[in-house]
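The values are calculated or read from the model by the stated rules, or taken from the named source; none is laboratory data. None of these values were measured; they are calculated from a predicted model. Ideal geometry is used to build each Cβ from the backbone, glycine not excepted, and the neighbour counts take in all protein chains shown. Only protein heavy atoms, including side chains, enter the accessible area calculation; ligands, DNA and RNA are left aside. Shrake-Rupley method; radii C 1.70, N 1.55, O 1.52, S 1.80 Å.
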Amino acid sequence: MTTTSCCRASGAIFSPVNGYKRYRSYSLAPDRAIWGRDNRGVMIRVLGAAKESTKLENRVGEPAANPYLYMASQIVTGLDGIERTLDPGPPADAPYEARAPYLPKSLDEALRALRDDSCLARGFDRSFIDYYLRIKEAEITRYQSEVTEWEQREYFELF
């Protein structure tokens, strides 16, 4: 298991089904698991400098995500990284051009990563993860069954 697998698996927690549309290049939202100094395009934004007041801003969480599960997932994956002394790599000056692992592009992709991840299964317990997977799979089914206004405008006017 790598730091990437934990990050991709936590994607199932940090965004609801429709939130993945914002994780695209050049959108001032992160699209890769990367960090940088005072850059809004990175996943982890570091503000401040050594020997100053410094803060970390995790920019990946979607406002509609469950804040309790989101924060818990960040604590679990962060502690895992500390315990295994994972190296976060160099900071990104150009995050959308950096060679770094991409974040999940859909809830389905994030659920596949969560299903195979052992880090969050240990932190939350496998039975909770299995239950959460079923809830989120049902969310995908409900989302896919809806006909959006865009679909109506795009296709229904043709007929």
Inset, instruction - Work out the length of the dipole vector of the chain about its Cα centre, built from +1 on the beta-carbon of each Lys and Arg and -1 on the beta-carbon of each Asp and Glu, and round it to the nearest 20 debye. - result: 380
Legend entry - Degrees, to the nearest 10: 3-14 long Cα axis against longest axis of the chain: 50
Inset, instruction - Please work out how much accessible surface Y132 shows to a 1.4 Å probe, ignoring ligands, DNA and RNA, in Å² rounded to 10. - result: 20
Legend entry - Acute angle (nearest 10 degrees) that the helix 107-116 long axis makes with the longest principal axis of the chain, alpha-carbon atoms: 50
Inset, instruction - Within 10 Å, count the other beta carbons around each residue, average over each peptide in 116-123, 8-15, and list them highest first. - result: 8-15, 116-123
Legend entry - the chain: angle of helix 126-145 to the longest principal axis, Cα-based, in degrees nearest 10: 40
Inset, instruction - Relative to the compact-globule scaling 2.2 N^0.38 Å, provide the ratio for the alpha-carbon radius of gyration of the chain. - result: 1.14
Legend entry - Calculated [θ] (222 nm, deg cm²/dmol) that DSSP helices of n ≥ 4 give over the chain, each run adding -39,500 (n - 2.57): -14000 deg cm²/dmol
Inset, instruction - Sort the stretch 3-62 into rounded, prolate or oblate with this rule: let a ≥ b ≥ c be the square roots of the eigenvalues of the Cα gyration tensor; rounded if a/c is under 1.5, and if a/c is not under 1.5, prolate when a/b is larger than b/c, oblate otherwise. - result: prolate
Legend entry - Average Cα contact separation per residue, the chain, under 8 Å, 6 or more apart, as relative contact order %: 30
Inset, instruction - Rounded to the nearest 0.05, what FRET efficiency do E109 and R153 give with R0 = 30 Å and r taken as the Cβ-Cβ distance? Could you check? - result: 0.65
Inset, instruction - Specify whether the C-alpha gyration tensor of the stretch 55-122 places it in the rounded, prolate or oblate class, a ≥ b ≥ c being the square roots of the eigenvalues: rounded for a/c under 1.5, otherwise prolate if a/b is larger than b/c and oblate if not. - result: rounded
Inset, instruction - Return the single residue from L114, L103, L47 with maximal mean-square fluctuation; model: Gaussian network over the chain, springs between Cα atoms under 10 Å. - result: L47
Legend entry - Given charges at beta-carbon only (K, R positive; D, E negative), |dipole| of the stretch 61-100 in Debye: 80
Legend entry - Charge-dipole axis of the stretch 41-118 as Lys and Arg at +1 and Asp and Glu at -1 on Cβ define it, positive-most pick from G89, G48, Q74: G48
Inset, instruction - On each of the three principal axes of the Cα atoms of the stretch 46-94, give max minus min coordinate, whole Å, ordered largest first. - result: 33, 26, 24
